[in-house]
There are 2 protein chains.
Amino acid sequence: MNYMKCKKCGEKAVIKMRQHKLALCKPHFLEWIPEQTERFIKKYAMFSRHEKILVAVSGGKDSLSLWDVLWRLGYSVDGVYIHLGVDGGVNYSAVSEKYAAEFAHSRALGLQVVNVPQIYGATVPELAESTSRGQGRACSVCGLVKRHIMNQVAYDGNYQVLVTGHNLDDEAAALFGNTITWSTEMLQRQGVVLKEAPGFARKTKPFCRFYERETAAYALLSGIPYIYDECPFSIGSKSLYYKDVLNRLEEENPGIKLNFYLGFLRARECGFIPQKDVSPERYAQRCPICNQPTTTDGLCSFCRLVSRE
Amino acid sequence: MNYMKCKKCGEKAVIKMRQHKLALCKPHFLEWIPEQTERFIKKYAMFSRHEKILVAVSGGKDSLSLWDVLWRLGYSVDGVYIHLGVDGGVNYSAVSEKYAAEFAHSRALGLQVVNVPQIYGATVPELAESTSRGQGRACSVCGLVKRHIMNQVAYDGNYQVLVTGHNLDDEAAALFGNTITWSTEMLQRQGVVLKEAPGFARKTKPFCRFYERETAAYALLSGIPYIYDECPFSIGSKSLYYKDVLNRLEEENPGIKLNFYLGFLRARECGFIPQKDVSPERYAQRCPICNQPTTTDGLCSFCRLVSRE
C-alpha cells in the first residue's frame with residue numbers, strides 16, 4: 001500500500017500540509033513546528049530571549065502548544081489562566097483550568113490563575129447577561145474581561161510581552177469578518193504585533209501562521225493533554241461560522257486561507273492598509289479603580305461592567 | 001393561502017428582495033428598477049442627459065435591461081455588440097447577436113456590430129489558443145479584446161461615456177477575488193466610475209447595485225428576450241466560482257453581498273482604499289497600428305495579439 005512519505009527522511013508521514021506541499025513524519029513535524037515558530041518570531045520581530053513573556057493559556061491545544069514550544073525554544077515564559085466561570089453543562093472552566101495547571105506543573109512553569117467569579121462576584125456569562133450588548137454579547141463581554149485581566153497581570157508582573165495562541169484559522173476568520181463588512185477600524189489593528197504603549201505590554205501571536213489542524217497535531221503528537229471542547233458559548237458565533245466558510249474554500253483551493261492572511265500582511269507592510277497602534281494620546285487617562293489606561297473620563301469599560309449592581 | 005404583498009400597493013408581489021426587506025408587484029418592480037438606476041446615476045455622478053453614451057451589449061439580461069432602462073429614462077444611448085466568434089456547441093455569438101439586434105430594432109435604437117473573426121481573421125477562442133496566457137486565458141483574452149474594441153468604438157464615435165451591464169453579483173465576485181488574494185492594484189481600480197482620460201471615455205456601471213436575480217426579473221417581466229446561456233468558456237471560471245461562494249453566504253446572511261460591496265465603496269470614499277484612475281502619464285504613448293493610448297513602446301497588447309502569425 002502506498003503511504004505519504006516524510007519529505008525530510010522518507011519515513012511514513014503523519015501529516016500532510018497541502019498549502020506547503022509538505023508531508024512530515026512525527027519526529028520531523030515536532031521539530032518543524034518550533035523551527036517555524038522561531039522563524040516567525042524573528043521575521044515579525046516579536047520578542048527576544050531577554051524579554052519577560054506572559055502567555056495567556058486557556059487549556060486548549062493552541063495556547064498549551066505555544067507555551068510548550070516557547071519553553072522548548074528557551075524563552076522566558078510564564079502563564080496566566082483566567083477562570084471565566086463558564087460551565088455550559090461540561091464544567092468548561094474548571095476542566096480547562098485543570099489542563100493548564102497540569103501542564104505548568106509537569107514542566108515546573110509558573111502559572112498565575114485569575115478567578116473571575118471569586119474576585120468579581122459574577123461569572124462571565126452572568127456579566128454578559130447584565131449588559132445591553134446585543135447578539136454575541138457573551139463573546140464580546142468575555143473578550144473585554146480577558147483583555148483587561150491579561151493587561152493587568154502583564155503590567156503588575158512587569159512582563160514586556162503578552163502572547164496568545166491565535167492560529168491562522170482564528171486570524172483568517174477575524175480578517176474575513178472584518179473584510180466582508182469592510183470594518184476599516186478593525187483592519188487597521190489586525191497585525192501580528194501590537195506595539196507596547198504606556199500601561200500596555202506588546203502583544204503578539206507566534207502561531208498566527210499555523211493552521212488549526214497543525215497546532216492540534218502538535219498537541220496530540222507531543223502528548224499534551226488539552227480540553228477538546230469549544231467554549232459552549234461560542235457555538236453559533238460569527239467567528240466559528242467564518243472559520244467554516246474558510247474551511248470550505250480551503251477544501252476547494254488548498255492554501256487560500258494562508259494566502260488570504262499573508263496577502264493582508266503584505267498589504268499592511270506596503271502601506272496599502274494603514275496600521276494603527278495603541279495611541280498613548282487616545283489612552284491618556286487612567287481608570288480611578290484599576291489604574292489601567294482608558295479613553296474616557298471615569299471608569300474604564302471593564303470596571304463599569306463589574307461594578308454594575 | 002398567504003402570499004407576499006407588494007409594499008407599495010398591497011397586491012400580490014412577484015419578487016422579494018431580502019437585502020432591502022422589500023417585496024414588489026410587477027408594475028411597481030418595473031418602476032422601481034429605473035427609479036433606483038436614476039438614483040445611482042446621480043449618486044455616483046455617472047453621466048448626464050447631455051452626454052453621448054455607448055452601452056456594450058452582449059445579448060444577455062444585464063446589458064439589454066440596462067439599455068432598456070436608460071432609454072426609458074431619456075438618456076441618449078447607442079449600443080455596440082462585439083461578435084467574438086464563440087460557438088461552444090450552442091452558436092453562442094450568433095444567437096446573442098440576434099437578441100441584441102432584435103432589441104435595438106424593436107426600439108429603433110442604433111446598434112453597431114463589430115465582428116472580430118471577420119475583421120481580424122480569428123475568433124476569440126482561436127486568439128486565446130495562440131497565446132501563452134495560462135489558465136483562464138480565454139476569459140483574459142476576451143476581456144482584452146472587448147476593452148480594446150469598446151474603447152475604439154467610443155473614441156471613434158465621440159461617446160463621452162461607456163456603460164456596461166455589470167450587476168452586483170459581478171462586482172461582488174470580482175471584489176471577492178481581489179480581496180481573498182489582496183490584489184491591491186485591482187482593488188484600487190474597482191470603482192463605480194473610472195474617469196475619462198485622453199483617448200478613453202469615462203466608464204461606469206449603472207446596475208452595479210442590483211442583484212443578478214433582479215436584472216433577470218426585470219428582463220423577464222418587461223418581456224425582453226435575451227440569451228440565457230452563460231458563455232460556454234466561462235464554465236469553471238474563477239468568476240463563476242466566487243459568485244457561487246457569495247451566493248452560499250447570501251443564502252445564510254441575506255444582504256451580505258450588498259453590504260460587502262457597499263462597505264468597499266465607503267472604504268474607497270473615505271480614502272481607506274486608495275483610488276487609481278487611468279493615468280495619462282502611464283498611457284503616454286500611442287499604438288502605431290490602432291492609435292489607442294498604450295503604456296509601452298511599440299504595439300499595444302491588442303495589436304500584438306491579433307498581429308500574431
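The table that follows gives values for the structure above.
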{"read-out": "Choice from A:Phe272, A:Phe233, A:Phe264 showing the highest fluctuation, given a GNM over chain A with Cα pairs closer than 10 Å", "value": "A:Phe272"}
{"read-out": "Within the protein assembly as shown, helix-based [θ] at 222 nm, where runs of 4 or more DSSP H residues each add -39,500 (n - 2.57), nearest 500", "value": "-14000 deg cm²/dmol"}
{"read-out": "Förster radius 51 Å - calculated FRET efficiency between B:Lys52 and A:Ser130 (Cβ-Cβ, nearest 0.05)", "value": "0.20"}
{"read-out": "Taking chain B and dividing mean pair separation by its residue count, relative contact order in percent (alpha carbons under 8 Å, at least six apart)", "value": "18"}
{"read-out": "The stretch A:250-290-the stretch A:151-175 distance, computed between alpha-carbon centres (Å)", "value": "13"}
{"read-out": "Selection from A:Ala122, A:Ser63, A:His83 lying farthest towards where the dipole of chain A points positive, charges on Cβ", "value": "A:Ser63"}
{"read-out": "q = 0.11, 0.14, 0.17 Å⁻¹: log10 I(q)/I(0) that the Debye formula gives for the stretch A:53-130, counting C-alpha atoms only", "value": "-0.30, -0.47, -0.65"}
{"read-out": "Segment B:Ser307-B:Lys43, length gained on full extension (0.36 nm per residue, minus Cα span)", "value": "90.8 nm"}
{"read-out": "Per-q log10 I(q)/I(0), the stretch B:22-90, q = 0.12, 0.18 Å⁻¹ (Debye; single scatterer per alpha-carbon; no solvent)", "value": "-0.41, -0.78"}
{"read-out": "Charge context of A:Val86, other residues only, Cβ under 15 angstrom, K/R +1, D/E -1", "value": "-3"}
{"read-out": "Relative contact order for the stretch A:37-177, counting Cα pairs under 8 Å that sit 6 or more residues apart, in percent", "value": "29"}
{"read-out": "Convex hull of Cα atoms in the stretch B:69-114, direction-averaged projection (nm²)", "value": "3.4"}
{"read-out": "Among A:Ser96, A:Ser279, A:Ser58, residue whose mean-square fluctuation peaks in a GNM of chain A (springs only between Cα atoms under 10 Å)", "value": "A:Ser279"}
{"read-out": "Between 0 and 90°, nearest 10: helix A:256-269 axis offset from chain A longest Cα axis", "value": "60"}
{"read-out": "Length-normalised contact order of the stretch B:140-299 in % [C-alpha pairs under 8 Å, at least 6 apart]", "value": "26"}
{"read-out": "Shielding of B:255-263 by partner chains, average beta-carbon count, 10 Å", "value": "2"}
{"read-out": "Cα-only radius of gyration and Dmax that characterise the stretch B:245-309, units Å", "value": "19.8, 53"}
{"read-out": "Folded to 0 to 90 degrees: helix A:26-43 orientation relative to chain A principal axis, Cα", "value": "50"}
{"read-out": "Cleavage-rule hits, chymotrypsin sites (Phe, Trp or Tyr not before Pro), the stretch A:1-44, DSSP coil, Cβ neighbours within 10 Å at most 12", "value": "A:Tyr3"}
{"read-out": "Of all DSSP beta bridges in chain A, antiparallel share, percent nearest 5", "value": "35"}
{"read-out": "Translational diffusion of chain B, µm² s⁻¹ [Kirkwood Rh, Cα pairs; Stokes-Einstein; 20 °C; 1.002 mPa s]", "value": "104"}
{"read-out": "With Cα atoms, 0 to 90° folded angle of helix A:168-180 axis to chain A main axis", "value": "60"}
{"read-out": "Residues B:Ser222 and B:Lys8, FRET efficiency given R0 of 25 Å [Cβ-Cβ distance, rounded to 0.05]", "value": "0.90"}
{"read-out": "Highest average packing first - B:205-212, B:85-92, Cβ atoms within 10 Å", "value": "B:205-212, B:85-92"}
{"read-out": "Amide proton proximity set for A:Val55, modelled H, under 5 Å, gap of 5+", "value": "A:Asp78, A:Gly79, A:Val80, A:Val163"}
{"read-out": "Charge-dipole axis of the stretch B:151-227 as Lys and Arg at +1 and Asp and Glu at -1 on Cβ define it, positive-most pick from B:His166, B:Tyr226, B:Tyr155", "value": "B:Tyr155"}
{"read-out": "Whole-Å semi-axes of the ellipsoid equivalent to the protein assembly as shown (Cα gyration tensor, √5λ, descending)", "value": "53, 30, 23"}
{"read-out": "Choice from A:Ser222, A:Ser48, A:Ser106 showing the highest fluctuation, given a GNM over chain A with Cα pairs closer than 10 Å", "value": "A:Ser106"}
{"read-out": "For the stretch A:174-290, the Rg and Dmax computed from alpha carbons only, in angstrom", "value": "17.3, 53"}
{"read-out": "Given charges at beta-carbon only (K, R positive; D, E negative), |dipole| of chain B in Debye", "value": "960"}
{"read-out": "Low-density loop positions, trypsin sites (Lys or Arg not before Pro), the stretch A:90-153 - DSSP coil, at most 15 other Cβ in 10 Å", "value": "A:Arg107, A:Arg133"}
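Laboratory data are not the source of any read-out in this text; all were calculated from the coordinates shown. Source: prediction; values computed, not measured. When we count neighbours, we look across all protein chains shown, and the Cβ atoms used for this are built from the backbone with ideal geometry, even at glycine.
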